[in-house]
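Structure first, commentary second.
The values are calculated or read from the model by the stated rules, or taken from the named source; none is laboratory data. Keep in mind that this is a model prediction, so the values were computed, not measured. Every residue, glycine as well, gets a Cβ built from its backbone with ideal geometry; the counts of neighbours run over all protein chains shown. Side chains are part of the model used for accessible areas, which takes the heavy atoms of the whole protein and leaves out ligands, DNA and RNA. Shrake-Rupley method; radii C 1.70, N 1.55, O 1.52, S 1.80 Å.
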Amino acid sequence: RFMRVRHNPIGDGRWVTMMEDISESKRNEAAIAHLALHDTLTGLPNRAQFDELFERALVEAEEKSGHVGVVAMDLDRFKEINDSYGHATGDQVLRVLAERFTSVLKPGEVVARLGGDEFAAFKPFGSIEALREFLERIEGVLFGNVQHHEVLIATGGSIGVATYPED
């Protein structure tokens, strides 16, 4: 519970204290803040939050002489999935991929939905092996199957990778 307490002097040395439960407005503020930074369909960070987190990761990498790997992903045949099976199926594919991405992330790693069928990810790393392991987990999610009702959808995509400061 969140309470707002106000003390007001009456003028003769006494005070009037008012207490107001502001829990509902705090929940609403948190929901609005969440919507501003997350994709409404998948719950993943949106482009605005991705950009903010990525900028912070670059600053930290520069300060610590570290590296950041950034990954751009675009689903293959997504328009075909929507056209053949409907937008509800396409939305379900996006939601399942988002859940799977989230389940394989380790601390400091981020996957975001930029819009449509475009995703991006980044990982601060110290060794190229750590980046490769991250990419294997990302590819494991991207290249798989999603079941929606009686339809089994094979997913795949195009992936591009760049590293800071090298690229």
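Specify the residue that is nearest to residue 77 (Cα to Cα); the eligible residues are those in segment 118-147 that are open to solvent by 60 Å² or more (accessible area, probe 1.4 Å) and assigned to a helix (DSSP H, G or I).
By that ranking, first place goes to 139.
Name the single residue, out of those in segment 105-130 being out of contact with any Asp or Glu (no Cβ under 8 Å at 6 or more places or on another chain) and more than 22 Å from residue 56 (Cα to Cα), that is modelled with the highest pLDDT.
Ranking the qualifying residues of segment 105-130, first place goes to 129.
Any idea which residue in segment 32-57 is nearest to residue 145 (Cα to Cα), counting only those that are aliphatic (A, V, I, L, M) and touching a strand residue (DSSP E or B) at 6+ places or on another chain (Cβ under 6 Å)?
44
Given (1) over 21 Å from residue 133 (Cα atoms); (2) touching a Leu at 6+ places or on another chain (Cβ under 7 Å), identify the lone condition not met by residue 76.
Going through the list (1) over 21 Å from residue 133 (Cα atoms); (2) touching a Leu at 6+ places or on another chain (Cβ under 7 Å), residue 76 breaks only (2).
Anything in segment 148-167 that is surrounded by 10 or more Cβ atoms within 10 Å (Cβ to Cβ) and out of contact with any helix residue (DSSP H, G or I) (no Cβ under 9 Å at 6 or more places or on another chain)? List them, or say none.
154, 158, 160, 162
Which residue, of 37, 131, 94, is in contact with a helix residue (DSSP H, G or I) (Cβ under 6 Å, 6 or more places away or on another chain) and among the aliphatic types (A, V, I, L, M)?
Exactly one residue qualifies, and that residue is 37.
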